[in-house]
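Values quoted throughout were computed directly from the atomic coordinates according to the rules given, and no laboratory measurement underlies them. All values derive from a computational prediction rather than experimental measurement.
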């Protein structure tokens, strides 16, 4: 469904058949409501409590299909950020500009179980190893910022080559390492930011969610507009959208 088609469907949903009882909305107003409801649609699909079945993202096939076109991957080298204790260091990975929500973090790890890794750390530069080490790909685990140093000092929960610990600040993912391993590359799977529809300035840019979701987004937009004009049909339309789950 193109942006023009979505506008037509919204207007059909707002007006009683051939009555023109509701004032016409400007294209810019329809675009604004569409963009708001595209964001709302995505948040509902990612939120475990966003539907009556209490299934989060990937909790059902429908929810997987609803956002599959927004799932993206990125793999980039890390940069050395600094030393935080006698044997712990931090490397940083920059999130893509299209990043919206994180799904998973995997790390390319070089490690030595018996002795410290030999390398020269240079601030803000990629990790350069001067010796060959064993390599593995590990799934990283998240730590809250106020817990990270407690975990690093805990021998049972500290960062390791099997399960590196990471935190998030601004557009960075910080991965914590010890003297037995380094992380040179990070691969993320994430939900990317959807297209912003603008029928006036960019009429060829359409909603990039799967086609089967477009009618649901149109219905949500009609609901929000009916609510804004206090139309009694709002509750009827809302019930229809809720049954779509």
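Structure above, values below:
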item	result
Helix axis angle, 234-243 relative to the chain longest principal axis, alpha carbon, degrees	50 degrees
Helix-only mean residue ellipticity at 222 nm for the chain, each DSSP H run of n ≥ 4 adding -39500 (n - 2.57), per residue, nearest 500	-9000 deg cm²/dmol
Cα-only radius of gyration and Dmax that characterise region 72-191, units Å	13.4, 40
Crossing angle, helix 27-46 versus the chain [Cα axis fit, 0-90 degrees, rounded to tens]	50 degrees
Helix 214-228 axis, angle to the chain major axis (alpha carbon atoms, nearest 10°)	70 degrees
P(r) tail fraction, region 178-224 - alpha-carbon pairs more than 17 Å apart, %	60 percent
Label of the coordinate-derived value, percent of Cα pairs over 32 Å apart, listed as (1) 21; (2) 41; (3) 37	(2)
